[in-house]
Structures are given as structure tokens and as C-alpha cells.
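First comes the structure, then the notes that go with it.
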Amino acid sequence: MRKNLEIPRGKRTLKYRFFEILPGLISYLAIILLFVLSVIDPVLGAIYLFIVIASTLVKAVSVAYRTVQGYSVIKRAEKVDWRARLEDLSDPHAAYERLRDDNLKGYHFDEHIENLKLMAAMPHEYPKPDKTLHVVIMTAYNESIEVLRPSIQAVKDSTFPKDRIIMALAYEERGGEEMKKTAKTLRAEFKDTFKDFLLIEHPDNLPGEVVGKGPNLTYAGHKIAEYFEKRHMLVENTIVTSLDSDNRVHPKYLDNVAYEFVTHPSRQRLSYQPVSLFMNNIWDAPAPTRVIAVSNSFFNVISTMRPHVLRNFASHSQPLQALMAMDFWSKRTIVEDGHQYWRSLFFFGGDYSVLPIRIPIYQDAVLDETFLKTVKAQFVQVRRWYYGASDVAYVGVRLFCKESERPMPFTKLFPKFWRLLDGHVTLAIMAPLITFGGWVPMIMNTSAHTMVGYNLPNIVSWIETFAMVGLVATVLVSFRMLPPRPAKYKKGKGIFMLLQWILMPITSILYQSIAAYYAQTRLMLGTYMEKFDVTKKVIRK
């Protein structure tokens, strides 16, 4: 089973290579097709482009709706007293009798009543809430103590009982002596806060590993499993949350995850996915990276409203028992978070899903020492994300194979494969087609159908203007989500937060399309990305 979960290293089979080439091949052909159709007949080129633009319009309206809806759901979730609800589960019968006739209607209040009813009827089917443990693994490379301390402090500020939290700082040996010193300083500072504070140093150059976060997490996972075994601790009721060094959990996050873990009978076959919001240093970041940070935040807000397409991203939680069974995370990919979805899905034979947690985890927008270093670091980050196109081959070879070898039914896996492939192709082609596509039929063929050729740019412009409703909704909600303005910035800073959106066409081309083509081209050529380029964390004082 575990061998089937691994990504191949070295030479791939012809089938695997075909699926590695497929995303880039379709992305390049989608652009070339516009030129070819326009040469044959500008009307054909116009029809092709109109179909693409129309799909964008539909998505823009959906984005506007999901953005507003998602923001509203997150704010309601933040108001829920998850600690009190978790405590209700300790005596579900008494809590049910007390609450069933209550007129208070909070977020998911009816579900809470139903959960209490089910637990009261079948108490042996559910774990005791007060026996639930959290293990928080925070990965680090060479980040400063100014970056790491607030992230650990956020866990300390959690409403979940600290005597049931094990904090593990998993740092890289290649981070050097300064990183070791920082780790020891933090342990000394927080060792009395949690049930335990573990320091786990991931050795450099272990065989079979890429240079990335996945190997660090997996090494830490094995050490934690040994920790539980030596102390004869039960793993069944333990939840593991992986955090990056800049991640700051909402105070209610751990309680919310524990509540969902206890109340779901299929708890071992679930991942628990928070909403990642890149807002920690949003006021300090330059305009281009602010646009990317807010856009990615809203993508995550929208994703949480579509559970059927939700996959692991960045920080997430998963039961320790399940992680141990599947040998934790992959050590062979630099996109271990998204890949963990497919790894878990295949391990459990398709009986696995990602449960949205509508409580946020806050992350940093990209910020380096200078503007040029920052925009470069932003490109490096998104090209790593879009290397998730490597999962197309991982899924494709398991979809198109003998039925006896397929990890789950074809009819259930194919829609997931299609959405994966379509998502990466769309990332690459949409921005250039929308921005420049309207001029192609006129430029490539001026001899016929000139009315179509000359009017197409205007038609595209009208559609794009109508599609701006999605952007307007994003801008309005973004102002509601911003953290308080630091005292060092004047009120006029908010004007720049508004004007920054004129950069959207540029950032879409550079940080979406070009980055996606870069990742897909690397896969096409077989020049694999096997090093996780860590995004530098800079604190503006």
C-alpha cells in the first residue's frame, strides 16, 4: 500500500511522462488554437475566444457571490463559543435537555443539537472530548525568533486547554547553529506552557528526500509516534496540525477542530482545513504582493464554501492514527500540502474527504528586504504552488489503469482528475486570453470579416467590464478583512489599498499565467522541481 502512494523518482514510465506533459501541452495548445482559428477564419477565432470569456464571466459572478457568502460564514463561525460546545459533548444528554428548547440560534446551532442527540443515543461511538489531544508541528528552516515567537504565542493564546497540547518545533539541520539556538530559546520560554514542547531537528541529506517541508514533517511525525509509544499514550484521539513558521492560529481554531473530530464518526478519514488568510503583515507588503495575498485569501474563502472541491492547502489538521498508517506526508514533492489530499484519498480507497473549518489561520504576505527581492520572492512562491500540476500524473496513472489496480471507482475519481487538470490549465491560459486575445483575430486575418475583427476587442472589453462585479465584491470585502492599520501608517494608506487593484492585469499575467507555464514547462521537459525554495520572512519595524 505505501509503495503505491509514493511519487516516482528518476526515470518515469511512458504513461507517467504522458500525464506530466499533458497540462503544459493543453495550456500551450489553447493559446496556439486561437491563432490557428483566427488565420482560418476570424469568426472561428472570435467564437473560441467568446466561449473562454463567457466562462470567465460566469466564474466572476460566482466569485462575487461566494466571496460575500464565505466572508459572512467565517464571521459567524468566529462568534461561536467552540469551547462551550466542546464541553457540551462531555455530557451530551444533559446538554441536549438544556438546549433543545432554547431559542438562541447561533452558527450551526441546529447541527449542535443534532450532534448532542446522536451522541446521547450512541455514547460509545464517540471519543470523550476531554481525552482529545492536539499535536502542533511548526516547521522552520532559518527563520528568526521574531517570526516564530508570535506563531507559538498564538497557539498559547488558544482557548483549548494547554495541558492537552503538545508543541513540536521541527527545524532543519541545514538552518545552521543560529536556528538551533533559536529553537532552544523558544523551548525555554514556552516549555511550561504546554503538555510538552519538543525540539525535532530534521537531518540534512537523508536518502530518498527532496529538499522541502514534506520530509521535515514526516521525520517529525515519526519522532512524535515514538514519543507516544514510549509513554504508552493512545493515538486514536490525537489530532496533528501542521503549521508554517509564520502561521498564527485563531484562538478558537483548535477547539473547532476538536469539536468536528469528536462529532464525526468518520473522523479518521477526514482532514480538517482552515481558511488561510495572508493578512499578518498586509500593511507592510508592497502593492503587487498585497494583491496576490488578498487574491489568494479570497480563493481560500471561496474554496471553503465548496467542500466537494476542497483540498489540503498550507496548514491543515489530520488524525495522528491516520497519518501513522499512511506514513505521514510525502518526502518526494515540494507541494506536500495539496499532494496530501491525493495521498490520503488513495490510501483510504476513496473514502476520504476534507472538512472545511471556517476559522482562519493567518499567514504572512510575501515581504523581503527590498521591493525587487519581494516581487522575485513572490514569483518563486507561486511557481512552487503551481507545481501542484505534478499531481496530474500522480492521479492520471491511477485513474487510467486496470480496474483491479485502481484505488477507487473510475466514476468517482474522473471528476476529481478533470477538475485538477482544468484548474491548472485555466491558471495558465485565462489571463493572456482575456488580456490580449481580443486583438488576435484582427491581427491574424484582416482580409475577411473585418467587422468581427475590429469589434471583437470592444466586445471583450464590455464583457470584462461586466465581470468586474467580482473584483468589486473582492475589493469591498477585502477592506472588511484587513487587520487594524498600524499606527506607523497614516490614514491615507487606505487609498493605496484601493488603487493597488489596477495592478490586477499585471499580477494575473506575471504571478498566475507565467508562473503556471513555468511549472508546467518544467514538467514537460522532465526538469523536476525538487527543492522547496523557502520564502524569506522579514519583519518591518
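Tell me whether the stretch 299-307 contains one or more residues that are in a helix (DSSP H, G or I), surrounded by fewer than 23 Cβ atoms within 10 Å (Cβ to Cβ), among the basic types (Lys, Arg) and touching a helix residue (DSSP H, G or I) at 6+ places or on another chain (Cβ under 9 Å).
For the stretch 299-307, residues in a helix (DSSP H, G or I), surrounded by fewer than 23 Cβ atoms within 10 Å (Cβ to Cβ), among the basic types (Lys, Arg) and touching a helix residue (DSSP H, G or I) at 6+ places or on another chain (Cβ under 9 Å): absent.
Give the residues of the stretch 480-519 that are modelled with pLDDT of 90 or more and among the charged types (D, E, K, R), sorted by residue number.
Answer for the stretch 480-519, where residues must be modelled with pLDDT of 90 or more and among the charged types (D, E, K, R): there is none.
Checking HIS124 against (1) over 23 Å from ASN256 (Cβ atoms); (2) free of Cβ contacts under 8 Å to residues at least 24 places away in the same chain; (3) under 28 Å from the mean Cα position of the chain (by Cα), which test does it fail?
Going through the list (1) over 23 Å from ASN256 (Cβ atoms); (2) free of Cβ contacts under 8 Å to residues at least 24 places away in the same chain; (3) under 28 Å from the mean Cα position of the chain (by Cα), HIS124 breaks only (3).
Tell me which residues, restricted to the stretch 34-53, are crowded, with 16+ Cβ neighbours inside 10 Å and either within 17 Å of LEU421 (Cβ to Cβ) or not hydrophobic (A, V, I, L, M, F, W, C) (or both).
The answer is SER38, PRO42, GLY45, TYR48, VAL52.
For every residue, the table says whether it meets (1) among the aliphatic types (A, V, I, L, M); (2) within 24 Å of the chain's Cα centre (by Cα); (3) outside the structural domain of ILE26 (by TED's automatic domain parsing).
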residue	(1), (2), (3)
LEU476	yes, yes, no
GLY492	no, no, no
LEU498	yes, no, no
LEU503	yes, yes, no
THR507	no, yes, no
ILE514	yes, yes, no
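Consider ASN458 against the criteria (1) part of a helix (DSSP H, G or I); (2) at pLDDT 80 or above: it satisfies all of them except one. Which criterion is unmet?
Only one criterion is unmet by ASN458, namely (2).
Those residues that are in contact with a Pro (Cβ under 6 Å, 6 or more places away or on another chain) and either more than 23 Å from PHE299 (Cα to Cα) or buried (at least 23 other Cβ atoms within 10 Å of the Cβ) (or both), I need them from the stretch 361-380; list them, please.
Matches in the stretch 361-380: ILE361, PHE371.
Conditions (1) outside the structural domain of ILE443 (by TED's automatic domain parsing); (2) in contact with a strand residue (DSSP E or B) (Cβ under 6 Å, 6 or more places away or on another chain); (3) basic (Lys, Arg); (4) at pLDDT 85 or above, marked per residue:
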site: THR13; (1), (2), (3), (4): no, no, no, yes
site: ARG17; (1), (2), (3), (4): no, no, yes, yes
site: GLU20; (1), (2), (3), (4): no, no, no, yes
site: TYR28; (1), (2), (3), (4): no, no, no, yes
site: PHE35; (1), (2), (3), (4): no, no, no, yes
site: VAL39; (1), (2), (3), (4): no, no, no, yes
site: TYR48; (1), (2), (3), (4): no, no, no, yes
site: ILE53; (1), (2), (3), (4): no, no, no, no
site: THR56; (1), (2), (3), (4): no, no, no, no
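If I filter the stretch 133-149 down to residues being touching a Lys or Arg at 6+ places or on another chain (Cβ under 7 Å) and among the β-branched types (Val, Ile, Thr), which single residue comes out as nearest to LEU217 (Cα to Cα)?
THR139
Being in contact (Cβ under 8 Å) with a residue 12 or more places away in the chain, among the aliphatic types (A, V, I, L, M), in contact with a Pro (Cβ under 6 Å, 6 or more places away or on another chain) and buried (at least 18 other Cβ atoms within 10 Å of the Cβ): is that true of VAL275 here?
Yes, satisfied.
Picking from ASN280, ASN256, which residue would you name as being out of contact with any helix residue (DSSP H, G or I) (no Cβ under 7 Å at 6 or more places or on another chain) and either assigned by TED's automatic domain parsing to the domain that holds ASP351 or in a helix (DSSP H, G or I) (or both)?
After applying the criteria, what remains is ASN280.
Filter the stretch 394-439 down to the residues that are of a type in the set (Asp, Glu) and assigned to a helix (DSSP H, G or I) and list them by number.
Scanning the stretch 394-439 gives a single hit, ASP422.
Give me the pairs, please: first residue somewhere in the stretch 334-350 and assigned to a loop (DSSP other than H, G, I, E, B), second residue anywhere and of a type in the set (Ser, Thr, Tyr), beta-carbon distance under 9 Å, and either six or more positions apart or on two chains.
Once the first residue is assigned to a loop (DSSP other than H, G, I, E, B) and sits in the stretch 334-350, its partners that are of a type in the set (Ser, Thr, Tyr) give ILE334/TYR387; ILE334/SER390; VAL335/TYR386; VAL335/TYR387; VAL335/SER390.
Exactly one condition in (1) farther than 26 Å from ARG332 by Cβ; (2) at pLDDT 95 or above; (3) crowded, with 21+ Cβ neighbours inside 10 Å is false for ALA140; which is it?
Condition (1) is where ALA140 drops out.
Before we move on, is LYS59 within 19 Å of ILE434 (Cα to Cα), of a type in the set (Lys, Arg) and in contact (Cβ under 8 Å) with a residue 60 or more places away in the chain?
yes
For the stretch 210-231, indicate whether the set of residues that are in contact (Cβ under 8 Å) with a residue 12 or more places away in the chain, under 28 Å from LYS536 (Cβ atoms) and assigned to a loop (DSSP other than H, G, I, E, B) is non-empty.
Within the stretch 210-231, one or more residues are in contact (Cβ under 8 Å) with a residue 12 or more places away in the chain, under 28 Å from LYS536 (Cβ atoms) and assigned to a loop (DSSP other than H, G, I, E, B).
Just one of (1) charged (D, E, K, R); (2) without any contact (Cβ under 8 Å) to a residue 24 or more places away in the chain; (3) within 30 Å of SER478 (Cβ to Cβ) trips up GLU143, so point out which.
Among (1) charged (D, E, K, R); (2) without any contact (Cβ under 8 Å) to a residue 24 or more places away in the chain; (3) within 30 Å of SER478 (Cβ to Cβ), the lone unmet condition for GLU143 is (2).
What are the residues in the stretch 486-524 that are of a type in the set (Lys, Arg) and surrounded by 12 or more Cβ atoms within 10 Å (Cβ to Cβ), if any?
Residues satisfying the conditions are LYS493, ARG522.
The values are calculated or read from the model by the stated rules, or taken from the named source; none is laboratory data. Just so it is clear, the model here is predicted, and its values are computed rather than measured. Every residue, glycine as well, gets a Cβ built from its backbone with ideal geometry; the counts of neighbours run over all protein chains shown.
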